[in-house]
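The values are calculated or read from the model by the stated rules, or taken from the named source; none is laboratory data. It should be emphasised that the depicted structure is a prediction, and the values quoted were computed from it without experimental measurement. Counting neighbours? That spans all protein chains shown, and the Cβs are built from the backbone with ideal geometry, glycine included.
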(Lines give C-alpha, C1' and ligand atoms only; values in the text may rest on other atoms or scores of the structure.)
Protein backbone atom coordinates (compact mmCIF):
# COMPACT_ATOMS: atom_id res chain seq x y z
CA UNK A 1 0.00 0.00 0.00
CA UNK A 2 1.39 3.40 -0.99
CA UNK A 3 1.20 6.70 0.80
CA UNK A 4 -2.11 8.40 1.51
CA UNK A 5 -2.77 11.39 -0.73
CA UNK A 6 -2.53 13.69 2.31
CA UNK A 7 0.92 12.30 3.15
CA UNK A 8 2.04 12.99 -0.41
CA UNK A 9 0.69 16.55 -0.03
CA UNK A 10 2.67 17.10 3.19
CA UNK A 11 5.82 15.41 1.89
CA UNK A 12 5.74 17.65 -1.18
CA UNK A 13 5.43 20.77 0.98
CA UNK A 14 8.35 19.55 3.11
CA UNK A 15 10.41 19.02 -0.02
CA UNK A 16 9.59 22.53 -1.28
CA UNK A 17 10.26 24.10 2.12
CA UNK A 18 13.81 22.71 2.21
CA UNK A 19 14.88 25.11 -0.52
CA UNK A 20 12.20 27.82 -0.26
CA UNK A 21 11.74 29.56 3.08
CA UNK A 22 8.60 31.33 1.82
CA UNK A 23 6.55 28.11 1.97
CA UNK A 24 4.28 28.05 5.02
CA UNK A 25 1.24 26.06 6.16
CA UNK A 26 -1.98 27.13 7.87
CA UNK A 27 -4.59 24.88 9.47
CA UNK A 28 -7.96 25.45 11.10
CA UNK A 29 -7.63 22.84 13.86
CA UNK A 30 -7.40 20.02 11.29
CA UNK A 31 -3.68 19.28 11.29
CA UNK A 32 -4.25 15.59 12.01
CA UNK A 33 -6.97 15.29 9.36
CA UNK A 34 -4.88 17.00 6.69
CA UNK A 35 -1.72 15.20 7.76
CA UNK A 36 0.50 18.26 8.18
CA UNK A 37 1.86 17.47 11.65
CA UNK A 38 5.21 16.57 10.08
CA UNK A 39 5.45 20.06 8.60
CA UNK A 40 4.77 21.62 11.99
CA UNK A 41 7.52 19.50 13.55
CA UNK A 42 10.02 20.34 10.81
CA UNK A 43 9.19 24.05 10.48
CA UNK A 44 7.34 25.24 13.60
CA UNK A 45 8.01 28.89 12.74
CA UNK A 46 6.24 28.42 9.39
CA UNK A 47 3.18 26.57 10.69
CA UNK A 48 0.07 28.39 11.95
CA UNK A 49 -2.96 26.69 13.51
CA UNK A 50 -5.66 29.35 13.77
CA UNK A 51 -8.30 27.11 15.36
CA UNK A 52 -11.84 26.72 14.05
CA UNK A 53 -11.76 30.06 12.24
CA UNK A 54 -11.47 29.37 8.54
CA UNK A 55 -12.24 32.89 7.29
CA UNK A 56 -9.60 34.26 9.64
CA UNK A 57 -7.17 31.64 8.34
CA UNK A 58 -7.59 32.94 4.79
CA UNK A 59 -7.16 36.51 6.03
CA UNK A 60 -3.90 35.55 7.75
CA UNK A 61 -2.76 33.64 4.66
CA UNK A 62 -3.44 36.74 2.57
CA UNK A 63 -1.38 38.84 4.97
CA UNK A 64 1.48 36.37 4.78
CA UNK A 65 1.28 36.44 1.00
CA UNK A 66 1.44 40.24 1.00
CA UNK A 67 4.78 39.87 2.81
CA UNK A 68 6.16 37.54 0.16
CA UNK A 69 5.24 34.17 1.66
CA UNK A 70 3.59 31.27 -0.19
CA UNK A 71 0.89 30.05 2.21
CA UNK A 72 -0.93 26.72 1.84
CA UNK A 73 -4.12 26.99 3.92
CA UNK A 74 -6.28 23.88 4.36
CA UNK A 75 -9.66 22.83 5.74
CA UNK A 76 -12.47 20.46 4.83
CA UNK A 77 -13.80 21.47 1.40
CA UNK A 78 -17.13 22.67 2.78
CA UNK A 79 -15.39 25.14 5.07
CA UNK A 80 -12.58 26.05 2.68
CA UNK A 81 -15.19 27.12 0.13
CA UNK A 82 -18.42 28.26 1.80
CA UNK A 83 -17.01 29.68 5.03
CA UNK A 84 -14.05 31.47 3.48
CA UNK A 85 -15.51 32.57 0.15
CA UNK A 86 -15.67 36.33 0.78
CA UNK A 87 -12.21 36.49 2.34
CA UNK A 88 -10.70 34.33 -0.40
CA UNK A 89 -12.46 36.35 -3.10
CA UNK A 90 -11.43 39.76 -1.80
CA UNK A 91 -8.40 39.42 0.47
CA UNK A 92 -6.58 36.88 -1.68
CA UNK A 93 -7.84 37.04 -5.27
CA UNK A 94 -9.07 40.62 -5.70
CA UNK A 95 -5.84 41.75 -4.04
CA UNK A 96 -3.87 39.65 -6.58
CA UNK A 97 -2.09 37.69 -3.85
CA UNK A 98 -0.60 34.22 -3.83
CA UNK A 99 -2.73 32.07 -1.52
CA UNK A 100 -3.04 28.32 -2.08
CA UNK A 101 -6.35 27.23 -0.54
CA UNK A 102 -6.82 23.49 -0.03
CA UNK A 103 -10.30 21.95 0.29
CA UNK A 104 -10.14 18.35 1.49
CA UNK A 105 -12.68 15.49 1.41
CA UNK A 106 -14.40 16.59 -1.81
CA UNK A 107 -17.90 15.31 -2.54
CA UNK A 108 -18.72 11.79 -1.39
CA UNK A 109 -15.22 11.20 0.03
CA UNK A 110 -16.41 12.86 3.26
CA UNK A 111 -18.29 9.57 3.81
CA UNK A 112 -19.27 9.29 7.51
CA UNK A 113 -18.96 13.03 8.15
CA UNK A 114 -22.14 13.24 6.08
CA UNK A 115 -23.97 16.04 4.34
CA UNK A 116 -22.64 18.89 6.49
CA UNK A 117 -19.08 18.05 5.41
CA UNK A 118 -19.77 16.92 1.82
CA UNK A 119 -18.88 19.65 -0.70
CA UNK A 120 -20.72 19.21 -3.99
CA UNK A 121 -20.61 22.95 -4.74
CA UNK A 122 -17.03 24.11 -4.05
CA UNK A 123 -15.79 24.03 -7.65
CA UNK A 124 -18.88 25.90 -8.83
CA UNK A 125 -18.22 28.63 -6.29
CA UNK A 126 -14.52 28.85 -7.04
CA UNK A 127 -15.07 29.01 -10.80
CA UNK A 128 -16.75 32.39 -10.24
CA UNK A 129 -13.51 33.95 -8.99
CA UNK A 130 -11.60 35.73 -11.80
CA UNK A 131 -8.19 34.28 -12.71
CA UNK A 132 -8.29 31.63 -9.97
CA UNK A 133 -6.68 28.29 -10.86
CA UNK A 134 -8.61 25.18 -9.74
CA UNK A 135 -6.90 21.79 -9.63
CA UNK A 136 -7.90 18.29 -8.52
CA UNK A 137 -5.29 15.49 -8.57
CA UNK A 138 -6.42 11.93 -9.22
CA UNK A 139 -3.49 10.00 -7.74
CA UNK A 140 -0.30 10.33 -5.72
CA UNK A 141 1.87 11.21 -8.73
CA UNK A 142 -0.38 13.99 -9.96
CA UNK A 143 -0.84 15.24 -6.39
CA UNK A 144 2.88 15.81 -5.90
CA UNK A 145 3.29 17.36 -9.33
CA UNK A 146 0.29 19.67 -9.05
CA UNK A 147 1.24 20.87 -5.55
CA UNK A 148 4.67 21.81 -6.91
CA UNK A 149 3.06 23.64 -9.83
CA UNK A 150 0.65 25.41 -7.48
CA UNK A 151 3.56 26.65 -5.37
CA UNK A 152 5.34 27.88 -8.49
CA UNK A 153 2.27 29.60 -9.94
CA UNK A 154 2.08 33.33 -9.26
CA UNK A 155 -1.49 33.79 -8.12
CA UNK A 156 -4.07 32.08 -5.96
CA UNK A 157 -4.99 28.41 -6.43
CA UNK A 158 -7.80 26.22 -5.10
CA UNK A 159 -6.68 22.61 -4.63
CA UNK A 160 -9.46 20.03 -4.29
CA UNK A 161 -7.68 17.29 -2.36
CA UNK A 162 -8.68 13.75 -1.47
CA UNK A 163 -7.26 12.83 1.96
CA UNK A 164 -7.31 9.07 2.54
CA UNK A 165 -6.27 6.26 0.29
CA UNK A 166 -3.58 5.75 -2.30
CA UNK A 167 -3.60 4.97 -5.99
CA UNK A 168 -1.14 5.39 -8.82
CA UNK A 169 -2.44 6.00 -12.33
CA UNK A 170 0.60 7.83 -13.69
CA UNK A 171 4.22 6.93 -14.17
CA UNK A 172 6.54 8.93 -11.90
CA UNK A 173 8.11 10.50 -14.99
CA UNK A 174 4.81 11.95 -16.24
CA UNK A 175 4.97 15.69 -16.91
CA UNK A 176 2.10 17.98 -15.92
CA UNK A 177 1.15 21.55 -16.75
CA UNK A 178 -1.52 23.74 -15.23
CA UNK A 179 -4.35 24.21 -17.71
CA UNK A 180 -3.41 21.14 -19.77
CA UNK A 181 -5.40 17.93 -19.39
CA UNK A 182 -3.98 14.45 -19.86
CA UNK A 183 -5.10 11.81 -22.35
CA UNK A 184 -5.25 8.58 -20.37
CA UNK A 185 -6.86 6.59 -23.17
CA UNK A 186 -7.52 7.37 -26.80
CA UNK A 187 -10.82 6.59 -28.48
CA UNK A 188 -13.01 7.49 -31.43
CA UNK A 189 -16.62 6.92 -30.32
CA UNK A 190 -17.13 8.89 -27.09
CA UNK A 191 -15.00 11.08 -24.81
CA UNK A 192 -15.12 10.64 -21.03
CA UNK A 193 -13.78 13.76 -19.30
CA UNK A 194 -13.13 13.15 -15.60
CA UNK A 195 -11.50 14.80 -12.62
CA UNK A 196 -10.29 13.65 -9.23
CA UNK A 197 -9.39 10.62 -7.16
CA UNK A 198 -12.85 9.03 -7.40
CA UNK A 199 -14.03 9.73 -10.91
CA UNK A 200 -10.93 9.27 -13.07
CA UNK A 201 -10.66 5.57 -12.10
CA UNK A 202 -14.41 5.15 -12.60
CA UNK A 203 -14.11 6.66 -16.08
CA UNK A 204 -11.30 4.23 -16.91
CA UNK A 205 -13.44 1.30 -15.71
CA UNK A 206 -16.35 2.62 -17.81
CA UNK A 207 -14.08 2.69 -20.85
CA UNK A 208 -13.25 -0.97 -20.22
CA UNK A 209 -16.95 -1.84 -20.00
CA UNK A 210 -17.67 -0.03 -23.25
CA UNK A 211 -14.70 -1.65 -24.97
CA UNK A 212 -16.32 -5.06 -24.39
CA UNK A 213 -19.23 -3.80 -26.52
CA UNK A 214 -16.99 -2.50 -29.29
CA UNK A 215 -17.29 1.14 -28.15
CA UNK A 216 -13.96 2.96 -28.11
CA UNK A 217 -14.02 5.55 -25.34
CA UNK A 218 -11.34 8.18 -24.87
CA UNK A 219 -10.60 9.14 -21.25
CA UNK A 220 -9.26 12.58 -20.34
CA UNK A 221 -8.03 13.54 -16.87
CA UNK A 222 -9.03 17.20 -16.51
CA UNK A 223 -6.90 17.83 -13.43
CA UNK A 224 -7.09 21.58 -14.03
CA UNK A 225 -10.75 22.54 -14.03
CA UNK A 226 -9.92 26.23 -14.43
CA UNK A 227 -8.46 27.27 -16.75
CA UNK A 228 -10.06 24.48 -18.76
CA UNK A 229 -7.98 22.90 -21.49
CA UNK A 230 -10.29 24.11 -24.23
CA UNK A 231 -8.10 22.92 -27.09
CA UNK A 232 -8.08 19.34 -25.78
CA UNK A 233 -11.84 19.28 -25.10
CA UNK A 234 -12.69 20.69 -28.52
CA UNK A 235 -10.34 18.34 -30.35
CA UNK A 236 -11.84 15.22 -28.73
CA UNK A 237 -15.40 16.50 -29.06
CA UNK A 238 -14.73 16.97 -32.78
CA UNK A 239 -13.10 13.55 -33.01
CA UNK A 240 -15.76 11.50 -31.18
CA UNK A 241 -18.92 13.60 -31.50
CA UNK A 242 -20.05 12.64 -27.99
CA UNK A 243 -18.88 13.70 -24.52
CA UNK A 244 -19.62 12.57 -20.95
CA UNK A 245 -18.21 14.54 -18.02
CA UNK A 246 -17.57 12.70 -14.76
CA UNK A 247 -17.17 14.55 -11.47
CA UNK A 248 -17.60 14.07 -7.74
CA UNK A 249 -19.53 17.36 -7.58
CA UNK A 250 -22.87 18.85 -8.57
CA UNK A 251 -23.43 18.62 -12.32
CA UNK A 252 -24.23 22.34 -12.09
CA UNK A 253 -21.31 24.73 -12.07
CA UNK A 254 -18.42 22.28 -11.99
CA UNK A 255 -16.46 20.42 -14.66
CA UNK A 256 -19.65 19.47 -16.53
CA UNK A 257 -20.79 23.06 -16.55
CA UNK A 258 -17.42 24.29 -17.81
CA UNK A 259 -17.37 21.75 -20.66
CA UNK A 260 -21.03 22.40 -21.58
CA UNK A 261 -20.41 26.17 -21.72
CA UNK A 262 -17.41 25.69 -23.99
CA UNK A 263 -19.14 23.25 -26.36
CA UNK A 264 -22.37 25.25 -26.39
CA UNK A 265 -20.53 28.32 -27.63
CA UNK A 266 -17.92 26.79 -29.91
CA UNK A 267 -18.85 23.25 -30.94
CA UNK A 268 -22.37 22.00 -30.07
CA UNK A 269 -21.92 18.34 -29.19
CA UNK A 270 -24.14 15.63 -27.74
CA UNK A 271 -23.09 15.31 -24.12
CA UNK A 272 -24.12 14.03 -20.70
CA UNK A 273 -22.99 14.90 -17.18
CA UNK A 274 -22.28 12.41 -14.41
CA UNK A 275 -22.31 13.96 -10.93
CA UNK A 276 -24.61 14.78 -8.06
CA UNK A 277 -28.01 15.61 -9.52
CA UNK A 278 -29.05 18.58 -7.35
CA UNK A 279 -28.76 16.62 -4.10
CA UNK A 280 -27.38 17.24 -0.63
CA UNK A 281 -24.80 14.92 0.88
CA UNK A 282 -25.50 12.02 3.24
CA UNK A 283 -23.72 9.54 5.50
CA UNK A 284 -22.40 6.33 3.95
CA UNK A 285 -19.49 4.24 2.76
CA UNK A 286 -17.77 5.22 -0.47
CA UNK A 287 -19.29 2.25 -2.33
CA UNK A 288 -22.78 3.07 -1.08
CA UNK A 289 -22.42 6.75 -2.02
CA UNK A 290 -21.07 5.92 -5.47
CA UNK A 291 -24.24 3.96 -6.12
CA UNK A 292 -26.58 6.42 -4.42
CA UNK A 293 -25.32 9.36 -6.49
CA UNK A 294 -24.94 7.29 -9.68
CA UNK A 295 -21.21 7.91 -10.01
CA UNK A 296 -20.13 4.33 -10.76
CA UNK A 297 -18.45 3.12 -13.92
CA UNK A 298 -21.71 1.41 -14.83
CA UNK A 299 -23.53 4.75 -14.64
CA UNK A 300 -20.93 6.42 -16.83
CA UNK A 301 -21.10 3.61 -19.40
CA UNK A 302 -24.91 3.75 -19.48
CA UNK A 303 -24.84 7.51 -20.01
CA UNK A 304 -22.41 7.03 -22.90
CA UNK A 305 -24.66 4.37 -24.47
CA UNK A 306 -27.69 6.65 -24.33
CA UNK A 307 -25.82 9.52 -25.95
CA UNK A 308 -24.47 7.28 -28.68
CA UNK A 309 -27.98 6.00 -29.33
CA UNK A 310 -29.07 9.59 -29.98
CA UNK A 311 -26.08 10.04 -32.27
CA UNK A 312 -26.85 6.98 -34.40
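Which of the residues spanning region 32-60 are under 23 Å from residue 139 (Cα atoms) and within 20 Å of the chain's Cα centre (by Cα)? Spell out how you get there, then give the answer.
Residues of region 32-60 under 23 Å from residue 139 (Cα atoms): 32-39.
Selection gives 33, 34, 35, 36.
Take residue 175 and tell me if it is touching a helix residue (DSSP H, G or I) at 6+ places or on another chain (Cβ under 9 Å) and not assigned by TED's automatic domain parsing to the domain that holds residue 304. Yes. Scanning region 112-144 for residues that are in a helix (DSSP H, G or I) and either closer than 21 Å to residue 246 by Cβ or in the same structural domain as residue 255 (by TED's automatic domain parsing) (or both) turns up 122, 123, 124, 125, 126, 140, 141, 142, 143.
Give region 160-172 a look and list any residue that's in contact (Cβ under 8 Å) with a residue 60 or more places away in the chain and surrounded by fewer than 24 Cβ atoms within 10 Å (Cβ to Cβ), or say none. First the steps, then the outcome.
Filtering region 160-172 for residues in contact (Cβ under 8 Å) with a residue 60 or more places away in the chain gives 160-168.
163, 164, 165, 166, 167, 168, listed by residue number.
Can you name every residue in region 294-311 that is assigned to a loop (DSSP other than H, G, I, E, B) and buried (at least 22 other Cβ atoms within 10 Å of the Cβ)? The one that is assigned to a loop (DSSP other than H, G, I, E, B) and buried (at least 22 other Cβ atoms within 10 Å of the Cβ): 295. Residue-level check: of (1) in contact with a strand residue (DSSP E or B) (Cβ under 9 Å, 6 or more places away or on another chain); (2) modelled with pLDDT under 95, residue 239 misses just (2).
Any residue at all in region 198-212 that is in contact with a strand residue (DSSP E or B) (Cβ under 8 Å, 6 or more places away or on another chain), at pLDDT 95 or above and assigned to a strand (DSSP E or B)? Within region 198-212 (the criterion being in contact with a strand residue (DSSP E or B) (Cβ under 8 Å, 6 or more places away or on another chain), at pLDDT 95 or above and assigned to a strand (DSSP E or B)), the answer is no, since none of the residues qualifies.
Annotation: of all residues in region 58-77 being over 17 Å from residue 150 (Cβ atoms) and in contact with a strand residue (DSSP E or B) (Cβ under 8 Å, 6 or more places away or on another chain), the one that is surrounded by the most Cβ atoms within 10 Å (Cβ to Cβ) is 76. The residues on offer are 132, 26, and the sole one that is buried (at least 17 other Cβ atoms within 10 Å of the Cβ), under 20 Å from the mean Cα position of the chain (by Cα) and under 24 Å from residue 182 (Cα atoms) is 132.
Mind listing just one residue for me: the one in region 227-250 that is under 14 Å from the mean Cα position of the chain (by Cα) and surrounded by 20 or more Cβ atoms within 10 Å (Cβ to Cβ) and, of those, farthest from residue 302 (Cα to Cα)? Among those that are under 14 Å from the mean Cα position of the chain (by Cα) and surrounded by 20 or more Cβ atoms within 10 Å (Cβ to Cβ), it is 228.
The residue that is surrounded by the most Cβ atoms within 10 Å (Cβ to Cβ), among those in region 251-267 that are in contact with a helix residue (DSSP H, G or I) (Cβ under 9 Å, 6 or more places away or on another chain) and either without any contact (Cβ under 8 Å) to a residue 12 or more places away in the chain or part of a loop (DSSP other than H, G, I, E, B) (or both), is 254.
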